[in-house]
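Step one of this worksheet: look at the structure below.
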Amino acid sequence: MNLTDIIGKETLENAEAQEIRTGSGVWESGAYDVIFTEFFLFKSKSGAGMLKCTIADKNDKELTVYVNIKKKDGSDNEIGARFIKGALDAVGVDINAAKVETIVADYYGEKDKEVNSISDVLKKPLKACVRQVHTEGTEYENSNEIEAFLDKQGRNTKGEDQLEAFQTKIEKQPILERKAKGNGTASNSGAPAPDAQTKKSSW
């Protein structure tokens, strides 16, 4: 099965740079040399299509993010498409060549579930631009968001050097401040992923 059998080819081709997503674990803001240790698609209990993405740095510290890729009505989520395309471009995998294979994995506290892994991206080096976030009025401590994926040279999907711009941004604001919604939750939840853990990665 190809990735484009799950997410529309046109949606992926037209996807812009991915937006910030929230994940588990607290990393200092920075551009990290990482690899993907998990990158798979699954359907949540609510019926939405989701992506679980786990990155690991060279010290084996991991950060997990969950991204919505399909709405409940089955249509593609453009934000999720941007995230996936940014990741594929960063490791040099063409969207038309990205293969999906069935594996057994864990997500949202669910164990040993069949999921669709985009295995072509795994264990290939890239840079992840990570922000530390503080959300006022929530019960959670500081969280992390991945602002962008860049290739090893610090370039984005368009081939533009983004590393210096990102470093300048985090020097001015090491911790991103965010207001909570009216119900006391962050606009992007700061809750740690339930299956977050540190485990040995393979470089």
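The values are calculated or read from the model by the stated rules, or taken from the named source; none is laboratory data. Owing to the predicted nature of the structure, the values given are computational and were not obtained by experimental measurement. Positions of Cβ are backbone-derived with ideal geometry, glycine not excepted, and every protein chain shown enters the neighbour counts. For the accessible areas, the whole protein counts, side chains as well, though only heavy atoms, and no ligand, DNA or RNA atoms are used. Shrake-Rupley method; radii C 1.70, N 1.55, O 1.52, S 1.80 Å.
With 20 Å as the limit, the listed pairs LYS52/LYS127; LYS45/LYS111; LYS45/LYS70; LYS43/LYS111; LYS58/LYS85; LYS124/LYS169 have LYS58/LYS85; LYS124/LYS169 beyond it between alpha carbons.
For the stretch 103-108, the Karplus equation 6.51 cos²θ - 1.76 cosθ + 1.60, evaluated at θ = phi - 60°, returns couplings of 9, 10, 8, 10, 7, 6 Hz by residue, with Gly and Pro reported as x. Could you work out what % of the accessible surface of the stretch 1-152 is carbon and sulfur, using a 1.4 angstrom probe and leaving DNA, RNA and ligands out of the count? That fraction is 41 percent. Structural descriptor for the stretch 87-138: relative contact order 33 percent, calculated from alpha carbon pairs under 8 angstrom and at least 6 residues apart. Computed on protein heavy atoms with a 1.4 Å probe, the accessible areas place GLU139, GLU62 in the order GLU139, GLU62, largest first. Amide H contacts under 5 Å for ASN2: VAL100, restricted to partners 5 or more places along the chain or on a different chain, H placed in the peptide plane at 1.01 Å from N. Can you find, among ASN96, LEU126, ASN77, the residue sitting farthest towards the positive end of the charge dipole of the stretch 58-127, where Lys and Arg contribute +1 and Asp and Glu -1 at Cβ? Of the candidates, LEU126 comes out farthest on the positive side. In the stretch 1-130, inverting the average of 1/r over every pair of distinct C-alpha atoms gives 14.8 Å as the Kirkwood radius.
When you restrict to C-alpha pairs under 8 Å that are six or more residues apart and normalise by the size of the stretch 113-160, the relative contact order lands at 34 percent.
Taking only protein heavy atoms into account and a 1.4 Å probe, give the accessible area per residue of the stretch 1-142 in Å². I get 45 Å² per residue for the stretch 1-142. In the assembled protein chains, TYR107 presents an accessible area of approximately 30 Å² (probe radius 1.4 Å).
Taking trypsin sites (Lys or Arg not before Pro) across the stretch 59-88, the ones in a DSSP loop with at most 13 further Cβ atoms lying within 10 angstrom of their Cβ are LYS71, LYS72.
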